[in-house]
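A short worksheet on the structure shown next.
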Amino acid sequence: MKTAIYYFSGTGNSLKVAKDIASGLESAELIPIAKCIDQESIYCSADKIGVIFPVYIWGMPLIVVEFVKKLITEKNAYIFGVTTCGGMAAGTMKQLDTLLEEKSLKLSAGFVIKMPGNYTPMYGAPADVKQNKMFDKESLKIKEIVEVVNNSGEGPVESDFFLLNMIFSGLIYKAGSKNIPKMDKSFWVDENCNHCGTCAKVCPVNNIEMEEGSPKWQSKCEQCLACLQWCPSEAIQFGKKTPGRKRYHHPEISLADIRVDNC
Ligand SMILES: Cc1cc2nc3c(=O)[nH]c(=O)nc-3n(C[C@H](O)[C@H](O)[C@H](O)COP(=O)(O)O)c2cc1C
(Lines give C-alpha, C1' and ligand atoms only; values in the text may rest on other atoms or scores of the structure.)
Protein backbone atom coordinates (compact mmCIF):
# COMPACT_ATOMS: atom_id res chain seq x y z
CA MET A 1 0.00 0.00 0.00
CA LYS A 2 1.56 3.26 -1.16
CA THR A 3 1.40 6.46 0.92
CA ALA A 4 2.29 9.91 -0.36
CA ILE A 5 2.97 12.53 2.28
CA TYR A 6 2.85 16.09 0.99
CA TYR A 7 4.38 18.65 3.34
CA PHE A 8 5.13 22.33 3.69
CA SER A 9 7.61 23.50 6.31
CA GLY A 10 9.64 26.65 6.95
CA THR A 11 11.54 25.73 10.09
CA GLY A 12 11.35 21.95 10.08
CA ASN A 13 8.60 21.15 12.61
CA SER A 14 6.18 19.91 9.99
CA LEU A 15 8.97 18.19 8.07
CA LYS A 16 10.06 16.34 11.25
CA VAL A 17 6.47 15.23 11.84
CA ALA A 18 6.21 14.12 8.20
CA LYS A 19 9.46 12.13 8.47
CA ASP A 20 8.43 10.52 11.77
CA ILE A 21 5.05 9.47 10.38
CA ALA A 22 6.66 8.17 7.18
CA SER A 23 9.06 6.00 9.16
CA GLY A 24 6.12 4.32 10.92
CA LEU A 25 4.37 3.43 7.66
CA GLU A 26 5.12 0.59 5.29
CA SER A 27 5.99 2.53 2.17
CA ALA A 28 5.75 6.29 2.30
CA GLU A 29 7.14 8.95 0.02
CA LEU A 30 7.71 12.53 1.20
CA ILE A 31 6.88 15.23 -1.35
CA PRO A 32 7.42 18.97 -0.76
CA ILE A 33 4.26 20.89 -1.70
CA ALA A 34 6.47 23.73 -2.92
CA LYS A 35 7.97 21.41 -5.50
CA CYS A 36 4.72 20.53 -7.24
CA ILE A 37 2.66 23.68 -6.70
CA ASP A 38 3.39 25.17 -10.14
CA GLN A 39 1.65 22.27 -11.87
CA GLU A 40 -1.81 23.07 -13.21
CA SER A 41 -3.24 20.09 -11.35
CA ILE A 42 -1.54 17.68 -8.98
CA TYR A 43 -2.44 14.05 -9.59
CA CYS A 44 -1.63 11.54 -6.86
CA SER A 45 -2.16 7.82 -7.42
CA ALA A 46 -1.27 6.73 -3.85
CA ASP A 47 -3.74 4.71 -1.77
CA LYS A 48 -3.10 6.94 1.23
CA ILE A 49 -2.34 10.64 1.17
CA GLY A 50 -1.09 12.80 4.04
CA VAL A 51 -1.03 16.59 4.07
CA ILE A 52 1.27 18.07 6.73
CA PHE A 53 1.85 21.79 7.29
CA PRO A 54 2.13 24.56 9.92
CA VAL A 55 -0.71 26.76 11.18
CA TYR A 56 -0.50 30.34 9.93
CA ILE A 57 -2.84 32.93 11.48
CA TRP A 58 -5.07 30.10 12.77
CA GLY A 59 -5.50 28.62 9.33
CA MET A 60 -3.76 26.91 6.43
CA PRO A 61 -0.79 28.49 4.63
CA LEU A 62 -1.95 29.88 1.28
CA ILE A 63 0.29 27.48 -0.65
CA VAL A 64 -1.39 24.53 1.08
CA VAL A 65 -4.86 25.86 0.24
CA GLU A 66 -3.77 26.11 -3.40
CA PHE A 67 -2.29 22.61 -3.25
CA VAL A 68 -5.54 21.08 -1.97
CA LYS A 69 -7.51 22.89 -4.67
CA LYS A 70 -5.22 21.39 -7.33
CA LEU A 71 -5.09 17.89 -5.86
CA ILE A 72 -6.58 15.02 -7.85
CA THR A 73 -6.70 11.61 -6.20
CA GLU A 74 -8.02 8.15 -6.91
CA LYS A 75 -11.67 7.80 -5.89
CA ASN A 76 -11.17 5.85 -2.69
CA ALA A 77 -7.93 7.40 -1.50
CA TYR A 78 -7.57 7.61 2.27
CA ILE A 79 -6.63 11.17 3.26
CA PHE A 80 -5.24 12.35 6.59
CA GLY A 81 -3.92 15.73 7.71
CA VAL A 82 -1.55 16.94 10.40
CA THR A 83 -0.86 20.53 11.32
CA THR A 84 1.84 21.80 13.67
CA CYS A 85 1.30 24.95 15.69
CA GLY A 86 2.96 27.01 18.37
CA GLY A 87 -0.08 27.28 20.61
CA MET A 88 -3.51 27.18 19.01
CA ALA A 89 -4.63 25.73 15.69
CA ALA A 90 -8.30 26.74 16.20
CA GLY A 91 -10.25 25.53 13.14
CA THR A 92 -7.30 24.81 10.82
CA MET A 93 -8.11 21.11 10.43
CA LYS A 94 -11.79 21.95 9.85
CA GLN A 95 -10.64 24.26 7.07
CA LEU A 96 -8.81 21.33 5.43
CA ASP A 97 -11.88 19.15 5.95
CA THR A 98 -14.12 21.72 4.27
CA LEU A 99 -11.74 22.28 1.34
CA LEU A 100 -11.60 18.54 0.67
CA GLU A 101 -15.35 18.19 1.02
CA GLU A 102 -15.82 20.89 -1.64
CA LYS A 103 -13.93 18.55 -3.98
CA SER A 104 -15.97 15.54 -2.87
CA LEU A 105 -12.92 14.19 -1.04
CA LYS A 106 -12.88 13.12 2.57
CA LEU A 107 -10.52 13.95 5.43
CA SER A 108 -10.55 10.71 7.42
CA ALA A 109 -8.49 12.08 10.30
CA GLY A 110 -6.98 15.47 11.11
CA PHE A 111 -4.45 15.95 13.89
CA VAL A 112 -2.87 18.94 15.63
CA ILE A 113 0.63 18.75 17.14
CA LYS A 114 2.04 21.51 19.33
CA MET A 115 5.64 22.31 18.49
CA PRO A 116 7.93 25.25 19.30
CA GLY A 117 6.45 28.46 17.91
CA ASN A 118 8.54 30.12 15.20
CA TYR A 119 6.87 33.51 14.78
CA THR A 120 9.91 35.58 15.75
CA PRO A 121 8.23 38.94 14.96
CA MET A 122 6.15 38.26 18.10
CA TYR A 123 8.36 36.09 20.34
CA GLY A 124 11.74 34.38 20.56
CA ALA A 125 12.21 30.61 20.37
CA PRO A 126 11.25 28.74 23.55
CA ALA A 127 14.02 27.58 25.91
CA ASP A 128 15.62 24.23 25.02
CA VAL A 129 14.04 22.47 28.04
CA LYS A 130 10.58 23.55 26.90
CA GLN A 131 11.34 22.52 23.33
CA ASN A 132 12.44 19.05 24.47
CA LYS A 133 9.21 18.54 26.43
CA MET A 134 7.27 19.36 23.27
CA PHE A 135 9.35 16.92 21.25
CA ASP A 136 8.65 14.15 23.79
CA LYS A 137 4.91 14.79 23.44
CA GLU A 138 5.27 14.88 19.66
CA SER A 139 6.79 11.37 19.69
CA LEU A 140 3.82 10.03 21.64
CA LYS A 141 1.33 11.65 19.32
CA ILE A 142 3.14 10.31 16.25
CA LYS A 143 2.56 6.76 17.57
CA GLU A 144 -1.19 7.45 17.80
CA ILE A 145 -1.28 8.94 14.32
CA VAL A 146 0.72 6.08 12.77
CA GLU A 147 -1.68 3.56 14.30
CA VAL A 148 -4.72 5.36 12.90
CA VAL A 149 -3.15 5.74 9.44
CA ASN A 150 -1.88 2.15 9.32
CA ASN A 151 -5.43 0.96 10.03
CA SER A 152 -6.94 3.47 7.58
CA GLY A 153 -8.85 4.60 10.63
CA GLU A 154 -11.50 7.22 10.94
CA GLY A 155 -9.92 9.52 13.51
CA PRO A 156 -11.05 12.84 14.87
CA VAL A 157 -10.73 16.10 12.97
CA GLU A 158 -9.14 17.99 15.85
CA SER A 159 -10.11 21.58 16.45
CA ASP A 160 -10.89 24.06 19.20
CA PHE A 161 -14.43 24.94 20.13
CA PHE A 162 -16.87 26.65 17.82
CA LEU A 163 -16.58 30.25 19.02
CA LEU A 164 -12.75 30.24 18.97
CA ASN A 165 -12.76 28.73 15.47
CA MET A 166 -15.23 31.33 14.27
CA ILE A 167 -13.22 34.28 15.61
CA PHE A 168 -9.66 33.09 14.89
CA SER A 169 -9.96 30.81 11.84
CA GLY A 170 -12.96 32.64 10.45
CA LEU A 171 -12.67 36.39 10.99
CA ILE A 172 -8.97 36.90 11.76
CA TYR A 173 -7.62 34.36 9.24
CA LYS A 174 -9.83 35.70 6.46
CA ALA A 175 -8.79 39.30 7.15
CA GLY A 176 -5.08 38.52 7.71
CA SER A 177 -4.13 35.79 5.28
CA LYS A 178 -4.80 37.76 2.12
CA ASN A 179 -2.04 40.21 3.12
CA ILE A 180 0.60 37.50 3.56
CA PRO A 181 2.24 37.58 0.09
CA LYS A 182 3.13 41.26 0.44
CA MET A 183 4.11 41.18 4.11
CA ASP A 184 7.68 40.59 2.98
CA LYS A 185 7.98 44.39 2.76
CA SER A 186 8.90 44.22 6.44
CA PHE A 187 12.02 42.07 5.93
CA TRP A 188 15.37 43.86 6.05
CA VAL A 189 19.02 42.92 6.33
CA ASP A 190 21.39 44.22 8.99
CA GLU A 191 25.15 44.81 8.87
CA ASN A 192 25.89 41.15 9.76
CA CYS A 193 24.87 39.94 6.29
CA ASN A 194 27.82 38.18 4.65
CA HIS A 195 26.02 37.82 1.30
CA CYS A 196 26.08 34.00 1.46
CA GLY A 197 22.66 33.66 -0.22
CA THR A 198 21.35 31.01 2.20
CA CYS A 199 18.09 32.98 2.45
CA ALA A 200 17.47 32.65 -1.30
CA LYS A 201 18.38 28.96 -1.31
CA VAL A 202 16.11 28.08 1.60
CA CYS A 203 13.05 30.02 0.43
CA PRO A 204 10.59 27.28 -0.63
CA VAL A 205 8.79 29.53 -3.11
CA ASN A 206 11.80 31.27 -4.70
CA ASN A 207 10.66 34.62 -3.37
CA ILE A 208 14.18 35.95 -2.82
CA GLU A 209 16.51 37.25 -5.50
CA MET A 210 20.07 38.26 -4.71
CA GLU A 211 20.78 41.71 -6.09
CA GLU A 212 24.35 42.95 -5.68
CA GLY A 213 24.85 40.36 -2.97
CA SER A 214 21.77 41.30 -0.93
CA PRO A 215 18.39 39.59 -0.71
CA LYS A 216 15.40 41.27 -2.31
CA TRP A 217 11.95 39.85 -1.56
CA GLN A 218 9.55 39.58 -4.50
CA SER A 219 6.09 39.87 -2.87
CA LYS A 220 5.03 36.26 -3.28
CA CYS A 221 5.93 35.37 0.27
CA GLU A 222 4.35 32.57 2.33
CA GLN A 223 5.70 34.06 5.60
CA CYS A 224 7.32 30.75 6.54
CA LEU A 225 10.28 32.74 7.93
CA ALA A 226 12.79 30.22 6.59
CA CYS A 227 14.99 33.10 5.38
CA LEU A 228 15.07 34.70 8.81
CA GLN A 229 15.43 31.49 10.80
CA TRP A 230 18.12 29.76 8.73
CA CYS A 231 20.33 32.81 8.11
CA PRO A 232 23.71 31.71 9.56
CA SER A 233 24.53 35.30 10.62
CA GLU A 234 21.04 36.07 11.99
CA ALA A 235 21.19 39.11 9.73
CA ILE A 236 17.62 38.96 8.43
CA GLN A 237 15.11 40.96 10.42
CA PHE A 238 11.36 41.49 10.19
CA GLY A 239 9.94 44.77 11.49
CA LYS A 240 11.43 46.31 14.61
CA LYS A 241 11.34 43.52 17.17
CA THR A 242 13.43 40.66 15.75
CA PRO A 243 16.98 41.97 16.38
CA GLY A 244 18.46 39.95 19.25
CA ARG A 245 15.54 37.50 19.44
CA LYS A 246 16.38 33.81 19.66
CA ARG A 247 15.96 32.11 16.25
CA TYR A 248 14.35 28.72 15.78
CA HIS A 249 14.53 25.71 13.59
CA HIS A 250 13.92 22.10 14.51
CA PRO A 251 17.22 20.75 15.89
CA GLU A 252 16.98 17.48 13.95
CA ILE A 253 16.28 19.09 10.61
CA SER A 254 19.25 20.38 8.65
CA LEU A 255 19.53 23.10 6.06
CA ALA A 256 19.98 20.38 3.43
CA ASP A 257 16.77 18.66 4.60
CA ILE A 258 14.66 21.80 4.39
CA ARG A 259 15.88 22.93 0.97
CA VAL A 260 13.20 22.05 -1.56
CA ASP A 261 15.72 22.11 -4.44
CA ASN A 262 17.52 19.18 -2.79
CA CYS A 263 14.45 16.92 -2.93
C1 LIG B 1 3.26 33.40 9.61
C2 LIG B 1 3.09 32.51 10.80
C3 LIG B 1 1.87 32.46 11.45
C4 LIG B 1 1.70 31.61 12.54
N5 LIG B 1 0.46 31.55 13.12
C6 LIG B 1 0.25 30.69 14.14
C7 LIG B 1 -1.05 30.56 14.72
O8 LIG B 1 -2.01 31.19 14.30
N9 LIG B 1 -1.22 29.71 15.76
C10 LIG B 1 -0.17 28.97 16.26
O11 LIG B 1 -0.36 28.23 17.21
N12 LIG B 1 1.08 29.04 15.70
C13 LIG B 1 1.31 29.88 14.66
N14 LIG B 1 2.55 29.96 14.08
C15 LIG B 1 3.62 29.05 14.56
C16 LIG B 1 3.78 27.82 13.66
O17 LIG B 1 2.53 27.29 13.29
C18 LIG B 1 4.59 26.69 14.32
O19 LIG B 1 5.76 27.13 14.91
C20 LIG B 1 4.85 25.59 13.31
O21 LIG B 1 5.17 24.41 13.99
C22 LIG B 1 5.98 25.90 12.35
O23 LIG B 1 6.11 24.83 11.45
P24 LIG B 1 7.33 24.63 10.46
O25 LIG B 1 8.57 24.51 11.35
O26 LIG B 1 7.05 23.36 9.78
O27 LIG B 1 7.41 25.79 9.56
C28 LIG B 1 2.76 30.80 13.01
C29 LIG B 1 3.99 30.87 12.36
C30 LIG B 1 4.16 31.71 11.27
C31 LIG B 1 5.50 31.73 10.57
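The values are calculated or read from the model by the stated rules, or taken from the named source; none is laboratory data. Keep in mind it's a predicted model, so treat the numbers as computed, not measured. Glycine also receives a Cβ, built like all others from the backbone with ideal geometry; neighbour counts cover every protein chain displayed. Note: areas computed on protein heavy atoms with side chains; ligands, DNA, RNA excluded. Shrake-Rupley method; radii C 1.70, N 1.55, O 1.52, S 1.80 Å.
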1.4 Å probe accessible area per residue over the range 112-211, in Å²: 59 Å²
Carbon/sulfur accessible area of the range 52-114, % of total, 1.4 Å probe, equals 52 percent
Which cysteines does the chain leave without a neighbouring Cys Cβ under 4.7 Å? Cys36, Cys44, Cys85, Cys193, Cys196, Cys203, Cys221, Cys224, Cys231, Cys263
Which shape class applies to the range 1-51: rounded if a/c is under 1.5, otherwise prolate when a/b exceeds b/c and oblate if not, where a ≥ b ≥ c are the square roots of the Cα gyration tensor eigenvalues? oblate
Averaged per residue, the 1.4 Å probe accessible area of the range 1-42, protein heavy atoms only, in Å², is roughly 40 Å²
Of Leu107, Leu140, Leu15, which is the most mobile in a GNM of the chain whose springs link Cα atoms less than 10 angstrom apart? Leu140
First select every other residue whose beta carbon is under 13 angstrom from the beta carbon of Ile72; then total the charges, Lys and Arg +1, Asp and Glu -1. +2
Connecting C-alpha atoms closer than 10 Å in a GNM of the chain, tell me which of Glu191, Glu102, Glu154 has the biggest fluctuation. Glu191
Carbon plus sulfur, as percent of the 1.4 Å-probe accessible area of the range 180-262, comes to 49 percent
How would you rank 114-124, 237-247, highest first, on the average number of other Cβ atoms within 10 Å across their residues? 114-124, 237-247
Rounded to the nearest 10 Å², the 1.4 Å probe accessible area of Ile57 is 60 Å²
Selected from Asp97, Asp20, Asp190 as most flexible by GNM, with the chain as the system and alpha-carbon contacts under 10 Å: Asp190
Nearest 10 degrees is fine. How inclined is helix 128-150 to the longest principal axis of the chain, computing both from alpha carbons? 30 degrees
